[in-house]
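Please read the structure below before turning to the comments.
The values are calculated or read from the model by the stated rules, or taken from the named source; none is laboratory data. Not measured: the values here are computed from a predicted model. Positions of Cβ are generated from backbone atoms using ideal geometry, with glycine treated the same way; all protein chains shown enter the neighbour counts. Heads up: the accessible areas ignore ligands, DNA and RNA and are worked out on the full protein's heavy atoms, side chains in. Shrake-Rupley method; radii C 1.70, N 1.55, O 1.52, S 1.80 Å.
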Amino acid sequence: MEIKVTKTTCPKEKPEASTLGFGKYFSDHMFVMDYSREQGWHDARIVPFGNLSLHPASTVLHYGSEIFEGLKAYRRADGKVQLFRPLENIRRMNRSAERMCLPTIPEEDALYILKEFVKFEQEWTPSAPGTSLYLRPFMFGNDETLGVHAVHNATYIIIASPVGSYYKEGINPVKIMIEDQDVRAVRGGTGEAKCGGNYAASNRAGERAEQKGYSQVLWLDGVERKYIEEVGAMNVMFKIGGEIITPMLSGSILPGITRKSCIEVLKKAGYKVTERLFSIDELEQAMQDGTLEEAWGCGTAAVVSPIGEFCYKGVQHPVNNGEIGEVTQMLYDTLTGIQWGKGGDTFGWTCPID
Ligand code: PLP
Ligand code: COI
């Protein structure tokens, strides 16, 4: 595959590590590639980062044909840049594409593109502790017609954003509101696809939670509002009576790569990990009788994020006295150790870009 390169003529200044936050700054270039049914994927190019021009009838603007991924490039102590399980993201992107009637990209091409783009933009990978270059591949339907049908034309883009921590709390515990009105997804719907519409539909509850001082909401299942699903931008895990419990992949939650990695790390460390339907009644009981020892969220942007309080139906339930727990800390240290190349990668999860 040939990638045509057009370099920017006005490179930007890199932001100070202390000001990074999440998704505020963007690197100098972006990767773009077009798809049509006749030509397949074509015109792979790296171009200066800039605005897009879309036909006002473009499918994405009316019918929400959009999917995305999120992964990070990490700068190791020796200066080299590496990715974390990128093939997992590529495979999930293709599953999302299939669900949303968007074109898939052959795995080897998608990996080649990702690595070439990161290699090109690698100087944007920050080196301060806890920082990384967040990569946002996304794809949208771009037919210039108002007819509703599977997409015939699409665009695939990767942008890159140097980031610090997702939550203003950093590694400090976040407060989560359990949502009992809106639902995020149902089985058979698009919950397990990483499509923009899932996030658009979550904003109302997220906004209500934020107004009450909570970082995000914890979703319950869309049918009975009984089973715990996931948090706005991360999967969720609980330690109850020594056992780790996490909602099973029921079809309506995102199969997180951090979730999968946490489960593998936990099992290797000898913990009992159970993936099952886990009800809000069980969680409430465990919060009341004190058997809930720890709770945390996990995701690429959020890394491993301790939960210090849940609020359910107006009642506040502190978790582990609002402090980070032992297992949460172990997971954070193990995963970030692998990602930033500080510890050994006994799982073979890292992928150098050259
Ligand atoms: N659940 C939702 C809704 C998310 O947006 C994310 C973030 O990507 C996750 C879970 C965690 O997935 P991953 O660990 O692959 O980033
Ligand atoms: C990620 O963790 O990569 C995500 O996509 C979450 C996001 C909605 C910020």
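Going by the alpha-carbon gyration tensor, a ≥ b ≥ c the square roots of its eigenvalues, is region 144-186 rounded (a/c under 1.5) or, if a/c is not under 1.5, prolate (a/b greater than b/c) versus oblate?
oblate
Largest first and in whole Å, what are the equivalent-ellipsoid semi-axes of the chain based on the Cα gyration tensor, each being the root of 5 times an eigenvalue?
Listed largest to smallest, the semi-axes of the chain are 34, 25, 18 Å.
Compute the Rg/Rh shape ratio of region 65-146: radius of gyration over Kirkwood radius, all on alpha-carbon atoms.
1.05
Once you place label points 7 Å from the Cα toward the Cβ at T9 and D78, how far apart are they in nm?
4.0
From largest accessible area down, sort K268, K168, K12, K194; use a 1.4 Å probe on the protein chains.
Highest to lowest solvent-accessible surface, that is K168, K268, K12, K194.
Please list, ordered by chain and number, the residues whose modelled amide H lies under 5 Å from the amide H of A295; skip anything fewer than 5 residues away on the same chain.
Here the answer is K239, I307, since their amide H atoms fall under 5 Å of that of A295.
What ³J(HN,Hα) values, in whole Hz, does the Karplus curve 6.51 cos²θ - 1.76 cosθ + 1.60 give for region 20-32 when θ = phi - 60°, with x put for Gly and Pro?
So the J values, rounded to whole Hz, are 4, x, 10, x, 9, 10, 10, 6, 6, 10, 9, 9, 9.
Once R0 is set to 51 Å, what does the formula 1/(1 + (r/R0)^6) return for the Cβ-Cβ distance between L54 and S279, expressed as a FRET efficiency to the nearest 0.05?
0.70
Could you calculate, for region 292-354, the ratio of the Cα radius of gyration to the Kirkwood radius, expressed as Rg to Rh?
Checking Rg against Rh, the ratio lands at 1.13.
Work out, step by step, the length gained on full extension between C101 and S127: first 0.36 nm times the residue separation, then minus their alpha carbon distance; give nm to one decimal.
Gain on stretching C101 to S127: 5.5 nm.
Report the label-to-label distance for T145 and V47 in nanometres (one decimal), using points 7 Å from each Cα along the Cα→Cβ vector.
Label-label distance for T145 and V47, simple model: 2.4 nm.
What order do I3, I113 take when sorted by accessible area (1.4 Å probe), most exposed first?
Descending accessible area places them as I3, I113.
How far apart, in nm, are the 7 Å Cα→Cβ label points at E326 and S36?
About 6.3 nm, to one decimal.
Which of G213, G196, G70 moves most in a GNM of the chain, Cα contacts under 10 Å?
G213
For the chain, what does the accessible surface come to per residue with a 1.4 Å probe? Please give it in Å².
44
Picking from E230, E38, E210, which is most flexible by a Gaussian network model of the chain using Cα springs under 10 Å?
E38
For the full complex of protein chains and a 1.4 angstrom probe, list E264, E229 by accessible area with the highest value first.
E264, E229
With springs only between Cα atoms under 10 Å, which of V319, V60, V148 fluctuates most in a Gaussian network model of the chain?
V148
Be a star and scan region 201-237 for residues whose amide nitrogen sits under 19 Å from the point 7 Å along the Cα-to-Cβ vector of K272.
237
Among C10, S127, S36, which residue has its Cα positioned farthest towards the positive end of the charge dipole of region 4-163, with +1 placed on the Cβ of Lys and Arg, -1 on the Cβ of Asp and Glu, and the dipole taken about the Cα centre?
The Cα lying farthest towards the positive end belongs to S127.
Leaving ligands, DNA and RNA out of it, report the carbon-plus-sulfur percent of the accessible area of the chain at a 1.4 Å probe.
Taking all protein chains in place, the chain shows 49 percent carbon and sulfur surface.
Taking a cut-off of 18 Å between Cα atoms, list the lysines near K194, but don't count ones fewer than 8 places away on the same chain.
In chain and number order, the partners are K72, K260.
Given 20 °C and 1.002 mPa s, how large is the Stokes-Einstein diffusion coefficient of region 174-339 in µm²/s, with Rh as the Kirkwood radius over Cα pairs?
Once the numbers are plugged in, D ends up at 136 µm²/s.
At 222 nm, what helix-only mean residue ellipticity would the chain give, in deg cm²/dmol to the nearest 500, using -39500 (n - 2.57) for each DSSP H run of four or more?
-7500 deg cm²/dmol
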